[in-house]
Amino acid sequence: MARFTLPRDIYYGRGTLDVLETIKGKRAIVVVGGGSMKRFGFLDKVTERLQKAGMEVRLFENVEPDPSVETVMRGAEAMREFQPDWIVAMGGGSPIDAAKAMWAFYEYPETTFEDLITPFNFPELRKKARFLAIPSTSGTATEVTAFSVITDYAKGIKYPLADFNITPDIAIVDPELAETMPQKLTAHTGMDALTHAIEAYVSTLNSPFTDPLAIKAIQMVFEYLPASFDGDKNAREQMHYAQCLAGMAFSNALLGIVHSMAHKTGAAFSTGHIPHGCANAIYLPYVIQYNAKNPEAEARYATIARYAGLEGKTDAELTQALCEKINAFNVKLGIPKTLREFGIDEKEFKEKIATIAELAVGDACTGSNPRPITPAEMERLFTCIYYGEKVDF
Ligand code: FE
């Protein structure tokens with residue numbers, strides 16, 4: 001049995017925060033990150049509108065980037081004390097992801113993290129509260145997805161939580177919030193959105209329900225990301241919607257090994273964190289070359305290329321054109337072409353890559369990749385990406 005799940009309502013457009021005045025409830029907890037939402041005045045706007053709706057409001061602030069198990073537990077504790085019937089999460093992916101996990105521990109204090117990390121194994125939520133998400137970045141689309149990523153720093157592991165129970169009830173996709181994104185973040189989150197849409201389109205779980213969302217998202221990213229990067233307001237707005245469409249696609253069709261690889265390399269090297277969207281952008285063209293050895297996947301990449309207005313006589317030529325288009329975007333957006341160029345030390349890369357490759361194969365996103373991969377092949381793929389070599393296996 002296949003399932004397609006989205007939020008009940010998606011409000012979009014400038015000034016859409018006003019809809020908060022119509023939400024019915026008694027108590028709302030607002031979960032927010034490090035301060036940009038406060039600085040730009042959006043936190044006050046949200047609080048005022050919820051109060052106008054007659055709700056008592058409490059804040060849970062300072063959710064860190066890559067939120068920890070400890071932050072989730074503290075948030076759940078605050079919720080158990082305040083007993084909200086609405087959880088309002090706002091900001092980048094991190095506070096929204098954290099709030100999703102807090103929600104589970106609020107409703108089920110007796111559950112454990114170990115119970116939740118099994119995919120699609122959440123207890124039934126909405127016994128105590130409903131969930132409203134307001135994204136301020138244009139990439140993760142966590143406002144419409146069934147996913148949350150929580151980091152266990154003690155164990156050094158990222159847990160991708162997955163369950164349709166944590167798909168929000170309401171998403172408010174207001175482009176005014178995304179206008180505050182710095183340029184680099186615009187580049188990285190935009191390429192994350194493109195990766196979501198392309199991986200969802202070629203996923204083994206692609207469907208007639210997810211395909212149109214993925215294709216439209218890809219077309220919009222190709223059309224608007226460069227101008228959005230340059231600060232054009234209309235383009236920023238269109239990118240905010242494009243990433244949301246991509247999210248609706250991948251929440252239901254899942255992803256592939258670009259994400260497996262990004263998850264397991266993000267914090268793996270001593271030379272510094274590789275931002276999620278940046279890692280995806282670097283890996284994507286190489287993974288397309290690898291996956292295109294599967295003729296069905298190649299046909300799908302060719303379809304993407306046609307919808308993007310690219311030219312080629314065969315599926316192989318069209319797939320090649322798609323890779324070149326992505327490479328050109330990376331150049332425009334200042335994203336390096338190889339891991340060496342990113343600054344990863346060669347000796348450290350060689351020491352760690354076998355282990356990283358094995359972890360990447362075991363990542364939750366590998367299962368829906370259109371071509372299977374062994375740890376040895378994954379290591380070869382990473383090596384191509386390190387040195388910028390053609391993937392021909
Ligand atoms: Fe992503």
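A few points about this structure:
- Among residues of the stretch 200-225 being among the β-branched types (Val, Ile, Thr) and part of a helix (DSSP H, G or I), the one that is farthest from Asn294 (Cα to Cα) is Val221.
- Among the residues making up the stretch 242-263, those that are under 18 Å from Thr167 (Cβ atoms), open to solvent by 10 Å² or more (accessible area, probe 1.4 Å) and either more than 13 Å from the ligand (Cβ to nearest atom) or modelled with pLDDT under 95 (or both) are Leu245, Met248, Asn252.
Yes or no, residue by residue, for (1) within 14 Å of the ligand (Cβ to nearest atom); (2) more than 18 Å from the chain's Cα centre (by Cα); (3) open to solvent by less than 20 Å² (accessible area, probe 1.4 Å):
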position: Phe164; (1), (2), (3): no, no, no
position: Thr180; (1), (2), (3): no, yes, no
position: Thr186; (1), (2), (3): no, no, yes
position: Ala193; (1), (2), (3): yes, no, yes
position: Ala197; (1), (2), (3): yes, no, yes
position: Thr204; (1), (2), (3): no, yes, no
position: Phe229; (1), (2), (3): no, yes, no
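- Helices (runs of 4 or more DSSP H) wholly inside the stretch 275-356 that include at least 1 residues being within 16 Å of the ligand (Cβ to nearest atom), surrounded by 16 or more Cβ atoms within 10 Å (Cβ to Cβ) and without any contact (Cβ under 8 Å) to a residue 60 or more places away in the chain: 276-291
- Answer residue from the stretch 109-144, given it is of a type in the set (Phe, Trp, Tyr) and either within 16 Å of the ligand (Cβ to nearest atom) or more than 21 Å from Glu81 (Cβ to Cβ) (or both) and is surrounded by the most Cβ atoms within 10 Å (Cβ to Cβ) among those: Phe122
- Near pairs, Cβ below 6 angstrom, 6+ apart or cross-chain, from the stretch 372-393 (closer than 16 Å to Ala292 by Cα) to any residue that is in a loop (DSSP other than H, G, I, E, B): Cys384/Val391
- Taking strands (runs of 3 or more DSSP E) as the structural unit, those lying wholly within the stretch 47-157 and holding at least 3 residues that are more than 20 Å from the chain's Cα centre (by Cα) and within 22 Å of Leu17 (Cβ to Cβ) correspond to 56-60.
The values are calculated or read from the model by the stated rules, or taken from the named source; none is laboratory data. These figures come from a predicted structure and were not determined experimentally. So basically every Cβ, Gly included, is an ideal-geometry build from the backbone, and we count neighbours across all protein chains shown. The area values use the complete protein model at the heavy-atom level, side chains included, leaving out ligands, DNA and RNA. Shrake-Rupley method; radii C 1.70, N 1.55, O 1.52, S 1.80 Å.
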